[in-house]
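Here's a structure for you.
The values are calculated or read from the model by the stated rules, or taken from the named source; none is laboratory data. No experiment lies behind these values; they were computed from the predicted model shown. Note that each Cβ is placed from the backbone with ideal geometry, even for glycine, and that neighbours are counted across all protein chains shown.
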Amino acid sequence: MTEQPAKSRAYLQVVLMFAIVAAPLALGFFMFPGSQEERDQLLGELGTTNHGTFLLPMTPIAGLALADEDGNPWRWQDHKPKWRMLIPSATTCTDECAELLYTTRQVHVRLGKYTHRIERLLVATDGELAPDYRQSLKTDHPNLTVLQADGNALAQWLAPTNSPWQPGQGKVILVDPEGMAMMVYDHSHKGNDMLEDLNHLLKYSPE
């Protein structure tokens, strides 16, 4: 077995271990994984202890065209594998957006020894960020990566899932190191909710 499939299976096991409270169903899953659709259905049926909402179906970030601030394509496979938090934003930040940025920054810092394994990505969905907004991000969020994506494309990317998105809506989309968007948070989730989930995932996932 190659290293890449082994890591992929390990990440999947972490997600399931995080979600599962019914051991017989978990055993059945590992013995016979089945199709992606069957795995997604099983995740939806299992009891969970997580605070975020599992994204069903899990969605590859490769299906979303992203670019850096200079307009160059940004592909997750070209970067070091990390857990990534995608935060969609308009050209100016709403109160809901500012709250999520603050919350994810605090969570990132409080992860301590796991901080280096997380990256926050702000995704501008309707053009370049306003100059004053961009400057405030550099001052208040120095470790934040700013990307661009078409807002309609982002909406279409999440439309087939149980957590669709529309422009202006505050959301944090958690993407695993294999490039699969797998969990969603919004302004109703407290920082401690995200922190507890991420600590579990990082503790049991391979680095």
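Could you tell me which numbered condition V146 fails, if it satisfies all but one of (1) farther than 21 Å from E69 by Cβ; (2) buried (at least 16 other Cβ atoms within 10 Å of the Cβ)?
Unmet condition: (1).
Kindly establish whether R105 is more than 20 Å from M182 (Cβ to Cβ) and touching a Lys or Arg at 6+ places or on another chain (Cβ under 8 Å). Let's see the steps before the verdict.
Values: more than 20 Å from M182 (Cβ to Cβ): yes; touching a Lys or Arg at 6+ places or on another chain (Cβ under 8 Å): yes.
Answer is yes for this residue.
Does E38 fit the bill of being at pLDDT 90 or above and either crowded, with 19+ Cβ neighbours inside 10 Å or part of a helix (DSSP H, G or I) (or both)? Break it down into steps so the answer makes sense when it comes.
On the way: at pLDDT 90 or above: no; either crowded, with 19+ Cβ neighbours inside 10 Å or part of a helix (DSSP H, G or I) (or both): yes.
Judged against the criteria, E38 is not a match.
Of the residues that make up the stretch 93-107, is at least one in contact with a Leu (Cβ under 6 Å, 6 or more places away or on another chain) and in contact (Cβ under 8 Å) with a residue 24 or more places away in the chain? Working first, answer last.
Within the stretch 93-107, the first condition is being in contact with a Leu (Cβ under 6 Å, 6 or more places away or on another chain), and the residues that meet it are 107.
Restricting the remaining residues to those that are in contact (Cβ under 8 Å) with a residue 24 or more places away in the chain gives 107.
Looking through the stretch 93-107, at least one residue is in contact with a Leu (Cβ under 6 Å, 6 or more places away or on another chain) and in contact (Cβ under 8 Å) with a residue 24 or more places away in the chain.
Tally time: how many residues in the stretch 158-178 are modelled with pLDDT under 95 and under 13 Å from the mean Cα position of the chain (by Cα)?
Residues flagged as modelled with pLDDT under 95 and under 13 Å from the mean Cα position of the chain (by Cα) within the stretch 158-178 amount to 5.
Might you let me know whether the stretch 127-141 holds any residue that is β-branched (V, I, T) and either surrounded by 21 or more Cβ atoms within 10 Å (Cβ to Cβ) or in contact (Cβ under 8 Å) with a residue 60 or more places away in the chain (or both)?
no
From (1) of a type in the set (A, V, I, L, M, F, W, C); (2) under 16 Å from the mean Cα position of the chain (by Cα); (3) within 23 Å of L55 (Cα to Cα), pick out the condition that doesn't hold for L144.
Going through (1) of a type in the set (A, V, I, L, M, F, W, C); (2) under 16 Å from the mean Cα position of the chain (by Cα); (3) within 23 Å of L55 (Cα to Cα) one by one, L144 breaks only (3).
Show me the helices (runs of 4 or more DSSP H) entirely contained within the stretch 92-207 in which 3 or more residues are among the charged types (D, E, K, R).
Working: elements: 95-110, 131-140, 151-158, 191-204.
In the stretch 92-207, the matching helices (runs of 4 or more DSSP H) lie at 95-110, 131-140, 191-204.
Out of the residues in the stretch 185-201 that are modelled with pLDDT of 90 or more and touching a Phe, Trp or Tyr at 6+ places or on another chain (Cβ under 8 Å), state the one that is surrounded by the most Cβ atoms within 10 Å (Cβ to Cβ).
The qualifying residue surrounded by the most Cβ atoms within 10 Å (Cβ to Cβ) is M194.
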